[in-house]
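To start, the structure under review is shown below, and the notes come after it.
The values are calculated or read from the model by the stated rules, or taken from the named source; none is laboratory data. This one's a predicted model, so the numbers in the text were calculated from it and none came from an experiment. Neighbour counts run over all protein chains shown; Cβ positions are idealised from the backbone, glycine included. What goes into the accessible areas is simple: the full protein's heavy atoms, side chains included, and nothing from ligands, DNA or RNA. Shrake-Rupley method; radii C 1.70, N 1.55, O 1.52, S 1.80 Å.
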Amino acid sequence: MASPFKISALLLTFCVSISLTLPVRSQTCASQTFTNNNLYTHCLDLPTLSSYLHFTYDAANSTLSVAFFASPSKSSGWISWAINPKVPAMGGAQALVAFKDSKGVMSAKTYNISTSTPYLVEQSKLAFDVWDTRAEEESGVMRIFAKIKVPPELAAKGTLNQVWQVGSNVDAAKGVPTIHDMGAPNLNSKGTLDLNGGKSVSSGGLDSRTKRKNIHGVLNAVSWGILFPLGIVIARYLRTFPSADPAWFYLHVFCQVSAYAIGVAGWATGIKLGSESKGVQFSLHRNIGIALFALATVQIFALFLRPKKDHKYRFYWNIYHHGVGYAILILGILNVFKGLDILQPGDKWRTIYIIVIAVLGGIAALLELITWIVVLRRKSSKSTKPYEGYGGQSRP
């Protein structure tokens with residue numbers, strides 16, 4: 001029979017493979033129209049943030065005409081499309097940004113983004129000529145229009161690095177965009193644009209960092225969010241039935257040890273991701289994760305100090321064991337939802353996890369009812385049993 005550690009390793013491998021299949025949302029731009037009947041040679045569905053790019057490139061004079069469409073989560077939000085002369089990344093990008101001003105009128109402005117973190121965003125002229133900039137908004141969709149003089153070195157290559165972004169708010173006092181979300185769609189909104197063929201060799205596939213984030217999310221969702229609650233359900237309810245002894249105990253230990261092994265791997269990937277994300281912090285998610293790791297480690301090693309059933313300290317050990325276990329249960333599920341808010345893998349993954357937790361909760365509720373019925377029947381049976389007096393005679 002395979003040991004719990006070997007099975008945990010298989011589960012860990014399965015979780016990693018699932019994490020690499022998380023999809024990136026795609027959209028369509030073919031049906032989009034323009035209020036001024038502008039026509040563009042090419043139309044691209046950008047792989048993240050429900051964004052689209054229409055463009056025409058005139059190679060004779062290195063002029064790029066663009067129309068960028070995106071939908072911020074709020075009407076007070078902003079959208080941006082940028083060219084980075086060096087790399088497909090935010091640092092060093094030359095950005096076009098559109099948002100509503102204090103009067104509610106759409107405006108388009110140009111910003112330089114510093115190359116080092118924390119990024120500084122400064123409104124200024126770009127490193128190349130830009131003209132005919134304007135912005136508009138209709139039915140929650142914002143649009144930026146502009147013409148750009150492509151730098152000679154980029155024109156010679158026939159490709160350029162593009163970065164796009166959306167944010168939910170604008171600082172009214174300063175009239176500048178506030179920081180955007182740090183979910184996977186926002187951090188993966190970059191790619192390489194082919195000026196001649198209209199093809200985008202973009203980051204529609206997942207880069208290594210996003211893959212590590214998905215691995216981190218799946219490992220922790222399976223461990224703290226599913227296996228650990230399942231282990232608690234097994235321990236709380238199956239032990240009621242004599243026929244399940246000692247199988248319930250070994251199943252309980254298997255679930256908790258597997259959850260801990262997979263959870264430690266997920267925790268380690270989180271620490272690594274945090275060390276690579278200078279200036280980006282998810283304090284509550286991180287602190288809950290550290291607390292989970294600490295509590296689970298204490299819980300695992302406390303098994304080696306478990307008193308025997310008839311020991312006078314067993315009662316206090318049980319109180320500790322149950323208390324810490326339920327604390328891990330609550331914190332684990334809470335942190336899975338915090339992680340989903342950060343990663344933003346798509347609504348279906350949140351729905352799947354809610355369904356899994358709902359099924360576990362429904363099973364627990366049913367077993368709670370059955371357990372109470374069994375316990376009450378046992379008490380009733382004991383209370384009606386004839387009293388055995390001295391000499392083994394039944395009391396009349």
Counting only residues that are of a type in the set (Asp, Glu) and not in a strand (DSSP E or B), segment 48-58 contains a total of 0
Considering only strands (runs of 3 or more DSSP E) wholly within segment 59-161, the ones with at least 2 residues that are open to solvent by less than 40 Å² (accessible area, probe 1.4 Å) are 63-70, 78-84, 94-100, 106-113, 130-138, 141-149
Sole residue being under 15 Å from Leu329 (Cα atoms) and either of a type in the set (Asp, Glu) or part of a helix (DSSP H, G or I) (or both), chosen from His216, His252: His252
Suppose the filter is modelled with pLDDT under 90 and either of a type in the set (Gly, Ala, Ser) or buried (at least 16 other Cβ atoms within 10 Å of the Cβ) (or both); does His311 pass it? no
Of the residues in segment 310-340, how many are touching a Leu at 6+ places or on another chain (Cβ under 9 Å) and among the aromatic types (Phe, Trp, Tyr)? 1
Subset of segment 334-356 (residues that are among the hydrophobic types (A, V, I, L, M, F, W, C) and open to solvent by less than 40 Å² (accessible area, probe 1.4 Å)): Val336, Leu340, Ile342, Leu343
Given the condition surrounded by 11 or more Cβ atoms within 10 Å (Cβ to Cβ), out of contact with any helix residue (DSSP H, G or I) (no Cβ under 7 Å at 6 or more places or on another chain) and not hydrophobic (A, V, I, L, M, F, W, C), answer yes or no: does some residue in segment 275-285 qualify? yes
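For every residue, the table says whether it meets (1) within 24 Å of Val66 (Cα to Cα); (2) at pLDDT 80 or above.
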site	(1), (2)
Trp164	yes, yes
Ala172	no, no
Lys190	yes, yes
Val201	yes, no
Ser208	no, no
Lys211	no, no
Gly217	no, yes
